[in-house]
Amino acid sequence: MNSLPVQVVLLIVWLGLGAYGTYMLLQKGYRVNNLKILAYYVAPVVAILYLIINQIQSIDTAWPANLPGSLINIALGIILLIVSPALVIAAFLLPGQKGLDAPARALQRDAFVRMRTRVLLIGAIFLALVLPLLALSLFKTAAPAELRYDGVISVIINGLFSGALFALIALGYTLVYGIVELINFAHGDVFMMGSLVGFTVITILLGAQSGRPVKADTSIFMVIIAIILALIISMAFCGLLNYLINRIAYKRLRNAPRLAPLISAIGVSFILQNIGLYLISSAPKGYPVLFPNSTRVANTDLVSDIIGNTDSLITIPVTGILVIVGVGILLIGLSYLINRTKIGKAMRAVAQNREAAALMGISIERTISFAFIIGGALAGAAGVIYGVYQVQGTVRYDLGFQNGLFAFTAAVLGGIGNVNGAVLGGLFIGLIYSLSQSSFFGLSASYVDLSIWAPVAVFGVLVLVMIFRPTGILGENVQEKV
Amino acid sequence: MAQVKVNPATTSGAPKSPRPFNRADLERNKIILWVVLAVIFLVLPFIGKPVLELFGPTVFSSTASAVNSTLLFVLLALGLNIVVGYAGLLDLGYAAFFAIGAYTMGFLTARGSPLYDTFHTNFWVALPISFLMAALFGVLLGAPTLGLRGDYLAIVTLGFGEIVPITINNLTKVTGGDTGLSGLEQPSFFGYQFTASSLEGWYLVTLIVVFFSIFMIRRLVNSRIGRAWMAMREDEIAAAAMGINLVRTKLLAFGLGASFAGFAGAIFANSLGSANPSQFKFDVSVLILAMIILGGMGNLWGVIAGAVALAMSDRYIIPFLTEQVRHVADGIQLTTSVVNGTRVTEANPIKDILTNVGTNSRLLIFGVILVTMMLLRPEGLFPNSRRKMELRTAPADDPQALITTDPLTQADEFRSINYNPSDVTDQSGNNDGDKNIKA
Amino acid sequence: MSDNLATSDNLLEAKDISKNFGGIVAVQKVDFVIPRRSIISLIGPNGAGKTTFFNLVTGIYAPSTGQIVFDGKPLGSLKPHEVTQRGIARTFQNIRLFSNMTALENVMVGEHSRLKAGLFGAVFRPPRVVGEEKTARQKALDLLAFVGLGGKGDEFAKNLSYGDQRRLEIARALGTDPKLLLLDEPTAGMNPNESANLTKLVERLRTDLGLTVLLIEHDMKVVMEVSDRITVLNFGRKIAEGQPEDIRANTEVIEAYLGKEYAKTVAEDKGKI
Ligand SMILES: Nc1ncnc2c1ncn2[C@@H]1O[C@H](COP(=O)(O)OP(=O)(O)OP(=O)(O)O)[C@@H](O)[C@H]1O
Ligand SMILES: [Mg+2]
């Protein structure tokens, strides 16, 4: 599919939409709204993916010979993968200015300073993560696979994919924390249950076996139907499960000390893990391979057309598309829900000031239940997408523990209680995870298996963030009134 | 209220609180009680051994090893209680310090340790090094993070608790990876050679440490330091305004708590003769936390009771019960029939379920214990009389309580704002921890 | 008193102090001096920034601009406990006692920074520590008696009456051996009788203990009775300063409290008389 016109059109669409969106968002008095931002940037992101996918060709010639082409690719990569998210982030953070009185403008100035700090922080983290790799990939002649630019890019892409999943789980932590200030320890296990439900639905519907390709006569259409059904059932199940957990284990402890619901949550987490253990025993299972004929998206490349045949290392599993589409739709839906609906407004109100919200006639308990349901549904969806994406995506009883902690780390990193922060944090954690799994800085896989250090990297980041910026990237620093 | 003009420099005759008993008598009775207790505990294994062996050849050894690990858990719970119960710092990664103690002991005494050729020593030297090491790590982790709000501290400790065992697991060349360190050289004491099976010996060593810990904690709680911990737990801002250095006071609690875990870890590793990263996972941290919460945080005896109850359940009662279930499952005969010349064994779902339940129920039981405990008695079985109230009433920084600045408001109205009805009902029971058992 | 402001006689000098929270300017360019052994009042309508000023002095907040010199040395960015060790103690507007500790223990916590027992001392109790504890206990009992809580040492702080809690806060602050005592609305919520007693107590803080007192108070009767000098804040700015009689007559102050219209009628009434 080496069609130059398609790429050019996409590029123009991306640049146009992105530029228009950015222009609008930079306007004075423009009210920032996640839905609009997503509208402006989802299309470009899809376009970006398409472009990257189209860059793939064989590279078997010596590395330096490809340099000019590589530079172009790297530049593209930077623009596509870094500038674009940076713009999204900037847009998220920009305050509107219209119709403000003097003190409000002063606040706004403060907000601006805060925003600048955040953007710098985010930029710095991105650069710190990505630049050394890009630099290394340029200057190392006999670079190991992961050090070549395309290797780096695929590490980043995979990082963003798993980051998107962490983001989905992190949202559940953050929604609940924002409203009841409870670290819902059982959330990761709700995710595990979601994965399990999805696994059951898909294997039954397709008559497939754990970890095996689906039967040869299964049509793609059937597979997609099965995935969608699995998503719906799992979301419903996990929403209900989370609702029940709240009703049974947390509701009575609303006025108890903080420790009590936390311990209760840990108890629920153990119970769910054990139920998982009963259901699947301790041997891990995997989702069936749903797209056995096309495991990765690989195609031709704009650059390689110019400089000759190359063999790209960029590997994007087909299921990555599911991640992008699925997570994208869910995020848009969530954004709509939170910003546009009555119950969403109630959630925001309760998160800000519970007493005041109650005085305004908002039912606190109903709102809390709703947050649990939404969080559970997102975790359920994440469970299914995770299983499908990871292929040997081990369905294990303790799947929720570490992933839950990672997602929680993501929520904290972004600023716990902050919905945008959870998404941002998820992407960061995904990147960190993926980068620390790859063999960079000359340590090839045969020397040290870096993947075992990934959790240490993630938790190390968590500890560092807590020390240096305990409120997270987007969190507000509130001084306690005395 | 008569305003007596008193000059603090000269007066000392302020009315003393009435004491219906003689202090010296009380002290003496206490000491006698302690001595009796100590003697009972000291001779226990020597009486217990012949008695238990009447029930079967392995009953003594299985009971004694459960008792030994219970004692270690008591030690751990006492240490964590300093951090969580007294100083009010939530630590979700306490097992990390346990691991650090165990591995320090391992490095210094194991034959498999990379240090063995250059430097190794015996148990008695390694023991203090182990707990100092744990305390050092506690201080290193605590120093930058103890300024954080409660929840955040919980998260940092959780992260640390995950990092330590994973790191130990990954540094295969140094720590032996997931097989761990083994062949720890065990001590001898005036000719008595400790081995992994000298259960009485380990019992006595641990017991002495536990007794000393109790002594130490009781003294600490009634001292300047204990008061500072308590004040900090009640209200950090007021405590700071009273001249308490929050970071240092927290660090002391954190480091001291960690050193208890280091001590326990060192004894644990050496008594087993090995150390293994899977022994220090998150569930151990939670188990210890559950012990102090079950018993009643901040209450020394409650915590000990909680530790004994949960450790015995974990090491003795639950394994025993699940084993019975497995026995039942094993007893179910599968029916086989011969179909077309091949033997077919019929699936028996009941047997499968029973086997499953008998094998995999530990987490479920703990989960149920934790949840029901929180729902029924969030303050624990034997709440600290002070702590109980804290747990019952809404937090002090309830915004409602702050709106009290109008000078025209009558004093009585203030009482109704500041005093929660539950305070009033608790008032009568504040010196009796068991009063609310039926409530 | 106000004509005697030579530096050496001032226990505390604050210059150009400001504090803002986001868009709110809670304290704005306030200059403030407290002569030794004086009783100064800080008044102003709700939200004027009085408590914030206390928080700035005691190190709970860091000032956005300006500096505070206490006893000849700048406070800089000292932490609250370091400020207390220097000799500034305070009470809180919303009572912040250690409610599950006894009154006696509360005062003994106040003595914390003047005691020395460390970990070793606490566990092994050498004679030095035993003696120290004994003196500390006695001192706490004396302080309780001084504020009128003699005999209530074993009560839990939370079980004390409202007025007793306010008094206990003062005793606790005195436990820190302060040179300067900051009282944030000590009579809030007290009946007139209790207020009168408290007024006497404040005077005795100076006469018996030789303390310097800075008082935030809404009860004008108390303020007029005890103060050597009064400073008025409004919207974070200092709008007046002077002897009680001057402040009573100051139109800007009356305006700040009662609004422009009412201030006019008051002025007219005065003219009539
Ligand atoms: N931590 C804080 N964060 C944000 N705003 C604050 C904070 N502390 C105080 N303020 C604001 O600063 C202003 C001054 O508050 P302050 O408590 O100092 O007033 P006050 O003079 O003590 O009033 P009152 O007589 O009601 O006690 C108020 O508008 C208050 O809302
Ligand atoms: Mg105030």
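The values are calculated or read from the model by the stated rules, or taken from the named source; none is laboratory data. The structure displayed is predicted, hence computed values, not measured ones. Cβ sites come from the backbone with ideal geometry, for glycine too, and all protein chains shown count toward neighbours.
Going through (1) away from ligand 2 (no atom under 16 Å from the Cβ); (2) of a type in the set (A, V, I, L, M, F, W, C); (3) more than 10 Å from chain B (Cβ to nearest Cβ) one by one, C:ALA196 falls short only on (3). The set of residues in segment C:177-191 that are of a type outside the set (Asp, Glu), more than 7 Å from chain B (Cβ to nearest Cβ) and within 16 Å of ligand 2 (Cβ to nearest atom) comprises C:LEU182, C:LEU183, C:PRO186, C:THR187. Residue count for segment C:61-92 satisfying the condition of being farther than 15 Å from C:ILE34 by Cα and either touching a Cys at 6+ places or on another chain (Cβ under 9 Å) or surrounded by fewer than 19 Cβ atoms within 10 Å (Cβ to Cβ) (or both): 10. Here is a check on your reading of the model: is C:PHE53 over 25 Å from C:ILE247 (Cα atoms) and either in the same structural domain as C:LEU215 (by TED's automatic domain parsing) or away from ligand 2 (no atom under 16 Å from the Cβ) (or both)? Considered against the rule, which asks whether it is over 25 Å from C:ILE247 (Cα atoms) and either in the same structural domain as C:LEU215 (by TED's automatic domain parsing) or away from ligand 2 (no atom under 16 Å from the Cβ) (or both), C:PHE53 comes out as no.
Is there a residue in segment C:23-38 that is in contact with a helix residue (DSSP H, G or I) (Cβ under 7 Å, 6 or more places away or on another chain), part of a strand (DSSP E or B), closer than 18 Å to C:ILE88 by Cβ and among the small types (Gly, Ala, Ser)? For segment C:23-38, residues in contact with a helix residue (DSSP H, G or I) (Cβ under 7 Å, 6 or more places away or on another chain), part of a strand (DSSP E or B), closer than 18 Å to C:ILE88 by Cβ and among the small types (Gly, Ala, Ser): absent. The residue that is farthest from B:ALA305 (Cα to Cα), among those in segment B:355-412 that are of a type in the set (Val, Ile, Thr) and at pLDDT below 85, is B:THR409. Based on what the data block shows, is C:LEU42 away from chain A (no Cβ under 14 Å), within 16 Å of ligand 2 (Cβ to nearest atom) and in contact with an Asp or Glu (Cβ under 9 Å, 6 or more places away or on another chain)? Here the answer is yes, as C:LEU42 does meet what is asked. Report, by residue number, each residue of segment C:205-222 that is charged (D, E, K, R) and in contact (Cβ under 8 Å) with a residue 40 or more places away in the chain. Correct list: C:ARG206, C:ASP208, C:GLU217.
Which ones in segment C:82-121 are among the hydrophobic types (A, V, I, L, M, F, W, C) and within 16 Å of ligand 2 (Cβ to nearest atom)? Reasoning before the result, please.
Applying the first criterion (among the hydrophobic types (A, V, I, L, M, F, W, C)) to segment C:82-121 yields C:83, C:88-89, C:92, C:95, C:97-98, C:101, C:103-104, C:107-109, C:115, C:117, C:119-120.
Result: C:PHE92, C:ILE95.
If the condition is being under 14 Å from C:ILE170 (Cβ atoms) and either within 16 Å of ligand 1 (Cβ to nearest atom) or away from chain B (no Cβ under 11 Å) (or both), then segment C:204-221 contributes C:LEU205, C:ARG206, C:LEU211, C:VAL213, C:LEU214, C:LEU215, C:ILE216, C:GLU217. Does C:VAL57 satisfy being closer than 27 Å to C:ARG166 by Cα, away from ligand 1 (no atom under 16 Å from the Cβ) and aliphatic (A, V, I, L, M)? In short, no.
Among the residues making up segment C:23-54, those that are at positive phi and more than 7 Å from ligand 1 (Cβ to nearest atom) are C:LYS29, C:ARG37.
Can you tell me which residues in segment B:148-190 are surrounded by fewer than 20 Cβ atoms within 10 Å (Cβ to Cβ) and in a strand (DSSP E or B)? Answer for segment B:148-190, where residues must be surrounded by fewer than 20 Cβ atoms within 10 Å (Cβ to Cβ) and in a strand (DSSP E or B): B:SER182, B:SER188, B:PHE189.
Looking across C:LYS79, C:LYS73, one residue alone is closer than 23 Å to C:ARG206 by Cα, without any contact (Cβ under 8 Å) to a residue 40 or more places away in the chain and more than 16 Å from ligand 2 (Cβ to nearest atom). It is C:LYS73.
Report yes if some residue within segment B:227-250 is crowded, with 19+ Cβ neighbours inside 10 Å and within 23 Å of B:SER62 (Cβ to Cβ); otherwise report no. No, the conditions are met nowhere in segment B:227-250.
Considering A:LEU290, A:LEU253, which residue is closer than 19 Å to A:PHE185 by Cα and surrounded by 15 or more Cβ atoms within 10 Å (Cβ to Cβ)?
Residue meeting the stated conditions: A:LEU253.
Kindly establish whether B:LEU294 is assigned to a helix (DSSP H, G or I), modelled with pLDDT under 90 and either out of contact with any Asp or Glu (no Cβ under 8 Å at 6 or more places or on another chain) or surrounded by fewer than 18 Cβ atoms within 10 Å (Cβ to Cβ) (or both). The answer is yes for B:LEU294.
Report yes if A:ALA265 is farther than 18 Å from A:VAL384 by Cβ, out of contact with any Ser or Thr (no Cβ under 6 Å at 6 or more places or on another chain), not in a helix (DSSP H, G or I) and not acidic (Asp, Glu), otherwise no.
No, not satisfied.
Here B:VAL221 meets each of (1) away from chain C (no Cβ under 14 Å); (2) in contact (Cβ under 8 Å) with a residue 12 or more places away in the chain with one exception, condition (1). Residue-level check: of (1) surrounded by fewer than 16 Cβ atoms within 10 Å (Cβ to Cβ); (2) within 14 Å of chain B (Cβ to nearest Cβ); (3) not aromatic (Phe, Trp, Tyr), A:ILE224 misses just (2).
Across segment C:180-203, which residue is nearest to ligand 1 (Cβ to nearest atom) among those that are among the charged types (D, E, K, R) and free of Cβ contacts under 8 Å to residues at least 40 places away in the same chain?
Initial filter on segment C:180-203 (among the charged types (D, E, K, R)): C:184-185, C:194, C:200, C:203.
Adding the requirement that they be free of Cβ contacts under 8 Å to residues at least 40 places away in the same chain leaves C:194, C:200.
Working: C:GLU194: 19, C:LYS200: 24 Å.
It comes out as C:GLU194.
In the condition set (1) away from ligand 2 (no atom under 16 Å from the Cβ); (2) under 30 Å from C:ASN10 (Cβ atoms); (3) touching a Ser or Thr at 6+ places or on another chain (Cβ under 6 Å); (4) not in a helix (DSSP H, G or I), C:ILE68 is compliant with all but (3).
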